[in-house]
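The values are calculated or read from the model by the stated rules, or taken from the named source; none is laboratory data. Bear in mind the structure is a predicted one, so any value in this text is a computation, not a measurement. Ideal geometry is used to build each Cβ from the backbone, glycine not excepted, and the neighbour counts take in all protein chains shown. Note: accessible area is taken over every heavy atom of the protein model, side chains too, but ligands, DNA and RNA are not part of it. Shrake-Rupley method; radii C 1.70, N 1.55, O 1.52, S 1.80 Å.
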Amino acid sequence: MINMTELEKLNAGLEYDFWDAEVDGVKNRALEGCRKLNAIPMQNTGQRAAAIQTLFGSVGENAIILPIFNCDNGGNIYVGKNFLTNYNVTILDVAPVRIGEYVMIGPNTLITTVNHPLSPLGRRKHLAVAKPVSIGSDVWIGGNATILPGVTIGDHVVIAAGAVVTKDIPDNCVAAGVPARVIREIENDIIKEYDKK
């Protein structure tokens, strides 16, 4: 078996030691990037846009991130155009978080890609495993929602405030509850609007 660093294990989707110095270094760079972004006044849109581009893996035009924003890597966050996060959003992007266009995220929302063992011994060993999260386009995530590791949320979805998303959510629906489940389907009226033109 090939010896792997803890960061290589993390990137391969394997269990890794989150106290490892190299892994911790990624988080420290993200903390500094978030500190810089959060310190820039909202009126300085150009400076904020540059800070977001530096922090994220990729970002489309018109990204608005209200303070206070926190993340674990930054480089693992990929967002499309017209992305909006409200106050106090945290994205623990140990694994990639891919978000489509026209997505709004409500205040105090957590998107996390990292999980820890149920085993007390595994937690004492500082073990973690990361799974990517994918969020489609035209999604509205209500305040105080939690998106857990490995989840895929489709296009044209509303995640109700306070929901805890533990499993994939299909396109064109509203999901609510703990754990979140589909409570109704919604029409994709974007298609109709473009058909008029």
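Values for this structure:
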read-out	value
Selected residue (only one of Asn76, Asn88, Asn115 is in contact with a Pro (Cβ under 7 Å, 6 or more places away or on another chain) and surrounded by 19 or more Cβ atoms within 10 Å (Cβ to Cβ))	Asn76
From the options Gly143, Gly162, residue that is on the phi < 0 side of the Ramachandran plot, open to solvent by less than 70 Å² (accessible area, probe 1.4 Å) and not in a strand (DSSP E or B)	Gly143
Which listed residue is open to solvent by 10 Å² or more (accessible area, probe 1.4 Å), of a type outside the set (Phe, Trp, Tyr), over 14 Å from the mean Cα position of the chain (by Cα) and closer than 22 Å to Val59 by Cβ, from His126, His156	His156
Residue check for Leu31: in contact with a strand residue (DSSP E or B) (Cβ under 6 Å, 6 or more places away or on another chain) and not small (Gly, Ala, Ser)	no
Lone qualifier among Arg35, Arg29 - being open to solvent by 70 Å² or more (accessible area, probe 1.4 Å), in contact (Cβ under 8 Å) with a residue 12 or more places away in the chain and out of contact with any Leu (no Cβ under 8 Å at 6 or more places or on another chain)	Arg29
Any hit, the range 50-62, residues being of a type in the set (Val, Ile, Thr), part of a helix (DSSP H, G or I) and open to solvent by 40 Å² or more (accessible area, probe 1.4 Å)	yes
Hits in the range 13-26 - residues which are open to solvent by 60 Å² or more (accessible area, probe 1.4 Å) and closer than 14 Å to Thr113 by Cα	Leu14, Glu15, Phe18
Any chance Glu8 is among the acidic types (Asp, Glu), out of contact with any helix residue (DSSP H, G or I) (no Cβ under 8 Å at 6 or more places or on another chain) and closer than 18 Å to Lys131 by Cβ	yes
Scope the range 172-192; condition open to solvent by 90 Å² or more (accessible area, probe 1.4 Å) and touching a strand residue (DSSP E or B) at 6+ places or on another chain (Cβ under 9 Å); matching residues	Val178, Arg181, Ile183, Arg184, Glu185
Out of Lys27, Lys9, Lys36, sole residue that is more than 18 Å from Asn82 (Cβ to Cβ), modelled with pLDDT of 95 or more and either assigned to a helix (DSSP H, G or I) or of a type in the set (Ser, Thr, Tyr) (or both)	Lys36
Looking only at the range 39-49, and only at residues there that are part of a helix (DSSP H, G or I) and not hydroxyl-bearing (Ser, Thr, Tyr), the one that is least open to solvent (accessible area, probe 1.4 Å)	Arg48
Ala51, sole failed condition from (1) touching a helix residue (DSSP H, G or I) at 6+ places or on another chain (Cβ under 7 Å); (2) within 16 Å of Ile111 (Cβ to Cβ)	(2)
